[in-house]
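Quick notes on the structure that follows.
The values are calculated or read from the model by the stated rules, or taken from the named source; none is laboratory data. All of these numbers come straight from a predicted model, not from anything done at the bench. Ideal geometry is used to build each Cβ from the backbone, glycine not excepted, and the neighbour counts take in all protein chains shown. Heavy atoms of the whole protein, side chains included, go into the accessibility calculation; ligands, DNA and RNA do not. Shrake-Rupley method; radii C 1.70, N 1.55, O 1.52, S 1.80 Å.
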Amino acid sequence: RLVHLDLKGAAPRAPYLEQVLPLLHTLGATGLLLEYEDTFPYSGPLELLRAPHAYSPAELRALLSRARAQGLDVVPLLPFPLQFVLKHREFAHLREVRALPNALNPHKEESLALVKAMIDQVMALHEDLRWFHIGCDEVYYLGEGEESKQWLQQQDNTPEKLCLSHIKAVATCLASSYPRVTPIVWDDMLRGMSEETLAESGVPQLVQPMIWDYAADIDVEGKVQLIEKYRRCGFSKVWFASAFKGATGVNQSLTLIGHHLRNQLEWLQVASRSPDVLEGIALTGWQRYDHFSVLCELLPVAIPSLAVCLQALKNGGYSAKVKENVEMLLGMSNLEIDTFMSTSLGTFPGSNILTLVTEISFYLKASVDDLLERNRYVTGWFSPYHRKRRIIHPIIMHHFQPDAVSLLSKWNAVVQDLQAAMEQVFHKCTIEEWMEENVHPSLQKLQQVLDDLDEA
């Protein structure tokens, strides 16, 4: 049971992650799937890939040592097709399609040299790895570069074979240097391929596919058949990937636990039908839908969901007793599954962030809209027409100016509390991004009305 930490957005500070590890172990995690992306401390020619808030080698060693002490296997994930690399001007010449940082050109020797250099640097910081996830999902536009188009014109060459040869090259690159480490790949590029194409490629002997589906109502029978197909092609083991957050809305700020719980329960059904071929399950927690999208639910906000999901998998289902256990471990008294928790106090690391994010998500925009769009004195006597011309009857001001001042003051205090709580867990860039997406639009609307009132 691997907990996926997607570090390509809102990467928590290392001390916070170290605080969370014992809780993950207690809840039933047996490993971590670490998707470093630009938070890995790349060095030498790859140093430009490091984000300003990347972990230092010392921080990572301490974190990995703490994970081992908790009995957690670590599986690094390098997300080939490498959007975070190909966005840089210095690596743009390795793009499959010149204008798009979506896929690596598989025909250039330098592409494979880059892959090898990245794998070597990640491996150098990890000890005793059993698996290494090489991504290979959603490789859009592979086959649309000029060299690929020429390759595809040759007899018997197909987009499927191009994809498989790319996967094989990356997996071989890992296996040749680290023969005791098994590569894992996302399975979405493989699903639609024929058994014959897969079997002939040699890929099944090199990798283990991770079948992902984050829906609350997955096609259990279809998954069982897919596993059988993979087995016939020569894959020895498969992984599943469920989700505990980051899969229900690109800019979602709160986690609907019920959706993710149902997803785990469906995977348990699939597992019961194919137990001997299953290597494990990764509970994904996406932080962005891709390198360029906005943040979705922050990790502390989703810890109750992660707790429910891990405990359901560990106990083979969800019951009143499991719920009680989760509440005890999180210090929560009112775990709600099928609605967003309107009050969400807890004692787990970062629970104050969940409480404040919940308050903002539920009430900030609603309260500002209520004043500015549904208060009759604002809509009737201080409309956009009046505001533009700075006209207002002095008596009308007294009907809503005190409310607006009070509302702004209240929310500024809540936001200050959240800012202080987030500073303990996140870097400045995360706090800025979250505030600009989720807080500033409403507060700026309110502040602008007050500024217009002053001028009027």
For a 29 Å ceiling on Cα separation, which of these pairs sit above it: Lys87/Lys229; Lys116/Lys237; Lys168/Lys428?
Lys87/Lys229; Lys168/Lys428
Computed over the chain: longest principal axis from alpha-carbon atoms vs helix 159-177 long axis, angle to nearest 10 degrees, is 80 degrees
For the pairs Lys8/Lys245; Lys365/Lys445; Lys161/Lys223; Lys323/Lys365, flag any whose C-alpha to C-alpha distance is greater than 20 Å.
Lys161/Lys223; Lys323/Lys365
Can you tell me the 0 to 90 degree angle between the C-alpha axis of helix 220-233 and the longest principal axis of the chain, rounded to 10?
30 degrees
Classify region 298-456 from the C-alpha gyration tensor, please: rounded if a/c falls under 1.5, else prolate or oblate depending on whether a/b exceeds b/c.
prolate
Global geometry of region 131-246, whether rounded, prolate or oblate, following the gyration tensor of its Cα atoms and the 1.5 cut on a/c:
prolate
Pull up the DSSP beta bridges for the chain and report the antiparallel fraction as a percent, rounded to 5.
5 percent
Give me the net charge of Glu146's neighbourhood, meaning all other residues with Cβ under 15 Å from the Cβ of Glu146; Lys, Arg count +1, Asp, Glu -1.
+1
Between the Cα axis of helix 320-330 and the main Cα principal axis of the chain, the angle (0 to 90°, nearest 10) is 70 degrees
Put Asp290, Asp403 in order of accessible area, largest first, probe 1.4 Å, and you get Asp403, Asp290
What are the residues whose amide H is under 5 Å from the amide H of Arg95, where those residues sit 5 or more places off or on another chain and H is modelled from the backbone?
Asn105
I want the local charge near Ser56. Using Cβ-Cβ distances under 13 Å, sum +1 for each Lys or Arg and -1 for each Asp or Glu among the other residues.
+1
Where a ≥ b ≥ c are the square roots of the eigenvalues of the C-alpha gyration tensor, would you call the chain rounded, which needs a/c under 1.5, or, failing that, prolate if a/b is larger than b/c, or oblate?
prolate
Percent carbon-and-sulfur accessible area, region 352-455, ignoring ligands, DNA and RNA, probe 1.4 Å
51 percent
Given the C-alpha centroids of region 386-408 and region 308-326, what is the distance between them in whole angstrom?
52 Å
